Amino acid sequence: MSDPKNTPEGAPRNNGAGKSNGVNPDKDVNAQNLPGQRGDHGETIRVQRGMFGPKSGGDTSGYGGLVRSVRLPGEATRPYGGWFDEVADELEGALEEQGLVVENAIEKTVVDRGELTFHIAREHLPRVARTLRDDPALRFELCTGVSGVHFPGDKGRELHAVYHLRSITHNRLIRLEVGAPDSDPHVPSIVDVYPTNDWHERETYDFFGLVFDGHPALTRIMMPDDWQGFPQRKDYPLGGIPVEYKGARIPAPDQRRSYS
């Protein structure tokens, strides 16, 4: 969640009027000035039933009857607001000058919660990143890292790599997002463009299994080299060790009542 105090001047806010008025965008789904609004909008990737996912009874949480759609924010339409349009125009123009078809490189542009995200086709990621860094009108000199996300219900692109780019020159912050399927978890490395991404890509590989092609030394950074699996994927076994507390033996989480 972005801090309003650090939001660059001119960037759109939650309600498009420069302040949120305390409105939760998930609740006020009919407000047309809310980007990426929920309700029937956006892209449904799964339906959540119950709070913890039990399928055979035994849910004592009180949330067993909960049913809600899990949606990703949909593509935004112009105008995006503030400097977002300027950045989008400059990026699209710079890619066209390089002979790229913009629609092939930028799959969609999302404006949600006052933040701008470009969804990039993975094969074009290095060129888009270099353009954002080097173009004088863009100058996103700093990549603060890459994070992995696992959406098992997002078929064909279950794994996501998310990059946060900051322009020190223009005091702007944007996000790039790239998707890859479980069956082919490969994304080009951008260490050549942003060298500080070296260990961030290793950590994302270690925990999510995203393979960054072209990385100079893609090895595990936290888990042992021979570790099986990727611990931060949502389908990774819970595991654990038993604990003894005041004479009672508490079984490891994977040996307790199943919530999956």
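Put the Cα centre of region 190-205 next to the Cα centre of region 95-170 and the gap is 15 Å.
Test of the criteria: in region 92-129, which trypsin sites (Lys or Arg not before Pro) are in a DSSP loop and have at most 10 other Cβ atoms within 10 angstrom of their Cβ?
Values: sites: LYS108, ARG113, ARG122, ARG127; in loops: ARG113.
In loop regions of region 92-129 (DSSP not H, G, I, E or B), there are no sparsely surrounded trypsin sites (Lys or Arg not before Pro).
Near the amide H of TRP83, within less than 5 Å, lie the amide hydrogens of ALA11, all on another chain or at least 5 residues away, with H placed in the peptide plane. Working from label points 7 Å from Cα in the Cα-to-Cβ sense, the ALA217 to TRP199 distance is 1.2 nm. The residues of region 88-154 expose on average 40 square angstrom of accessible surface per residue, using a 1.4 Å probe on protein heavy atoms.
Taking label positions 7 Å along the Cα-Cβ direction at both ASN104 and ASP182, the computed distance is 3.1 nm, reported to one decimal. Summing Cβ point charges (Lys, Arg +1; Asp, Glu -1) relative to the Cα centre of region 75-225 gives a dipole of roughly 320 debye. Label-to-label distance, ILE45 versus ASP135, with points set 7 angstrom from Cα along the beta-carbon direction: 2.7 nm.
In this Cβ point-charge picture (+1 for Lys and Arg, -1 for Asp and Glu), region 154-213 has a dipole of about 400 debye about its Cα centre.
Quick one: with all protein chains in place, what share of the accessible area of region 126-260 is carbon or sulfur, to the nearest percent (1.4 Å probe)?
Details: 4030 of 7430 Å².
Ligands and nucleic acids excluded, carbon and sulfur reach 54 percent.
Roughly speaking, what is the stretch gain from ILE241 to THR169, that is 0.36 nm per residue apart minus the C-alpha to C-alpha distance, in nm to one decimal?
Numbers: separation 72, 0.36 × 72 = 25.92 nm, distance 4.98 nm.
Taking 0.36 nm per residue and subtracting the Cα distance, the gain is 20.9 nm.
Using Cβ point charges alone (K and R +1, D and E -1), the dipole size of region 161-260 about the Cα centre works out to roughly 660 debye.
The values are calculated or read from the model by the stated rules, or taken from the named source; none is laboratory data. Keep in mind it's a predicted model, so treat the numbers as computed, not measured. Neighbour counts are summed over all protein chains in view; Cβ atoms, including those assigned to glycine, are modelled from backbone coordinates with ideal geometry. Heads up: the accessible areas ignore ligands, DNA and RNA and are worked out on the full protein's heavy atoms, side chains in. Shrake-Rupley method; radii C 1.70, N 1.55, O 1.52, S 1.80 Å.
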